[in-house]
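The values are calculated or read from the model by the stated rules, or taken from the named source; none is laboratory data. No experiment lies behind these values; they were computed from the predicted model shown. In this analysis, Cβ positions are derived from the backbone assuming ideal geometry, glycine residues included, and neighbour counts consider all displayed protein chains.
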Amino acid sequence: MRATKATIDLGALRHNLQLVRRHAPASKILAVVKADAYGHGLLRAAPGLEDADGFGVLRLGEALALREAGYSQQLLLLEGVFSADELDAAAMHDVSIVVHHDAQLAMLEARAATLAKPISVFLKMNSGMNRLGFKPQAYKAALQRLEACLGVAAIQLMTHFATADDEHGIASQLGVFDDATAGASYPVSLANSAAILRFPEAHRDWVRPGIILYGATPVTGVTAASFGLQPVMHFTSEVIAVQTLEAGEILGYGARFTATQTTRVAIVACGYADGYPRHAPNGTPIAVDGQLTQTLGRVSMDMLVADITYLPNAGVGSVVELWGGVVPVDAVAEAAGTVGYELLCAVAPRVVFKVTG
Ligand SMILES: *Cc1c(COP(=O)(O)O)cnc(C)c1O
């Protein structure tokens, strides 16, 4: 069988969750498991997150899958519901919803009398990111409508930061949020991964970690290891052929690499159809038999190439780490001009998943 696989380390997930607890000991943790747990597999990853107080998902189906699997924690639909049918089902299964827009509020009011049970709502403010949420000046009015709505069981207040990971920080958005919610005494949820690590003043009642649970960095240029995070996904394959190039010979599609000296290369059974980024240039870090080396040439659909000139013992059958413990996913992402989030989410369906720990 083709050896390309992603091994999910539940021990690392537990470790990262505990690290969040240590950073925000007074907050409840809503583990964000949208996008199939950032590509790790929702029900594969969830056992490593059992200690979380809740789960944040995007689609109702993900919430129902967690309920069906026996998870009794709070579940939150991060974009709310997309139809009245979904609202009914969310209420029935004790799934909390974000309400971020007038249309969602109106739908809730219209269905309130017929919901199976009252529903728990996170009312979202657009505190400056200008993606989802009520503007600060419209927020109190939306809150009053929720308070008057019979279908609402509990109310929480939330916003989301645009620049928690960079030098702009959260001060401006936090100020807007606190001003517009002054006097309202509901639980508050503000912090994503970057804010959990960088801004304790934003921890409040519920933190919402995503990427740090999976052991990748939320802050470009700062390694996950420096935060004490452990990588959860180990994306590995094997060498299926070896070639020796003489000076002047080219490698692969587009002749993107030309040897300047005798160069031994390993052909690795992993390509962009497995989720490895095609934009990764010559020199992207990769490990062969646990030794750090670099990619050479263009990534193709089913294969890529590692330089083994200085790894004389490497050959057919050698284990290759695309990312994991030796090569942080963030290092591959940086080389390819993206972030670890995108690479983790993009691991392809044909990759075989294993679980350890
Ligand atoms: C995705 C998401 C998060 C998690 O973000 P990370 O940067 O991965 O921690 C938190 N809150 C909301 C609303 C989200 O959509």
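Within the stretch 217-273, the residues that satisfy the criterion of being assigned to a strand (DSSP E or B) and closer than 25 Å to LYS354 by Cα are MET233, HIS234, PHE235, THR236, SER237, GLU238, VAL239, ILE240, ALA241, ALA266, ILE267, VAL268. Among the strands (runs of 3 or more DSSP E) confined to the stretch 1-116, the ones with at least 1 residues that are within 13 Å of the ligand (Cβ to nearest atom), within 22 Å of ALA142 (Cβ to Cβ) and of a type in the set (Val, Ile, Thr) are located at 95-99.
Cβ-Cβ distances below 6 Å connect the following pairs, each with a first residue in the stretch 37-50 that is outside the structural domain of GLY275 (by TED's automatic domain parsing) and at positive phi, a second residue that is part of a helix (DSSP H, G or I) and within 13 Å of the ligand (Cβ to nearest atom), and a separation of six or more residues or different chains: TYR38/TYR214; TYR38/LEU344; TYR38/CYS345; GLY39/LEU344; GLY39/CYS345. Just to be sure before I move on: is ALA348 in contact with a helix residue (DSSP H, G or I) (Cβ under 6 Å, 6 or more places away or on another chain), assigned to a loop (DSSP other than H, G, I, E, B) and either within 16 Å of the ligand (Cβ to nearest atom) or touching a residue at least 12 places away in the same chain (Cβ under 8 Å) (or both) in the structure I sent? The answer is yes for ALA348. Considering only the stretch 47-83, state which residues are crowded, with 19+ Cβ neighbours inside 10 Å and of a type in the set (Ser, Thr, Tyr). If the condition is that a residue be crowded, with 19+ Cβ neighbours inside 10 Å and of a type in the set (Ser, Thr, Tyr), then TYR71 is the only one that fits. A count restricted to the stretch 130-153 and to residues that are touching a helix residue (DSSP H, G or I) at 6+ places or on another chain (Cβ under 7 Å) and either in a loop (DSSP other than H, G, I, E, B) or not assigned by TED's automatic domain parsing to the domain that holds HIS101 (or both) stands at 3. Looking for something closer than 23 Å to GLY215 by Cα, in contact (Cβ under 8 Å) with a residue 24 or more places away in the chain and either in a helix (DSSP H, G or I) or not acidic (Asp, Glu) (or both) - is there at least one such residue anywhere in the stretch 305-321? Scanning the stretch 305-321, I find at least one residue that is closer than 23 Å to GLY215 by Cα, in contact (Cβ under 8 Å) with a residue 24 or more places away in the chain and either in a helix (DSSP H, G or I) or not acidic (Asp, Glu) (or both), so the answer is yes. When ALA216, ALA184 are checked against the criterion of being crowded, with 23+ Cβ neighbours inside 10 Å and either within 14 Å of the ligand (Cβ to nearest atom) or not assigned by TED's automatic domain parsing to the domain that holds MET303 (or both), ALA216 stands alone in meeting it.
Of the residues LEU292, LEU296, LEU304, which single one is surrounded by fewer than 19 Cβ atoms within 10 Å (Cβ to Cβ), at negative phi and more than 22 Å from the chain's Cα centre (by Cα)? Please lay out each step first, then the result.
Values: LEU296 fails: surrounded by fewer than 19 Cβ atoms within 10 Å (Cβ to Cβ); LEU304 fails: surrounded by fewer than 19 Cβ atoms within 10 Å (Cβ to Cβ).
None of the other options fit; the residue is LEU292.
Confirm whether ARG204 is in a helix (DSSP H, G or I) and either touching a residue at least 12 places away in the same chain (Cβ under 8 Å) or within 16 Å of the ligand (Cβ to nearest atom) (or both). No: the conditions fail for ARG204. Of all residues in the stretch 154-161, at least one satisfies being within 16 Å of the ligand (Cβ to nearest atom), outside any helix (DSSP H, G or I), of a type in the set (Phe, Trp, Tyr) and within 30 Å of ALA90 (Cβ to Cβ).
Being under 25 Å from HIS160 (Cβ atoms), among the basic types (Lys, Arg) and either surrounded by fewer than 24 Cβ atoms within 10 Å (Cβ to Cβ) or at pLDDT below 95 (or both) holds for only one residue in ARG21, ARG14, ARG44, ARG2, and it is ARG21. Filtering the stretch 166-181 for residues that are of a type in the set (Asp, Glu) and either under 21 Å from the mean Cα position of the chain (by Cα) or outside the structural domain of LEU30 (by TED's automatic domain parsing) (or both) leaves a non-empty set.
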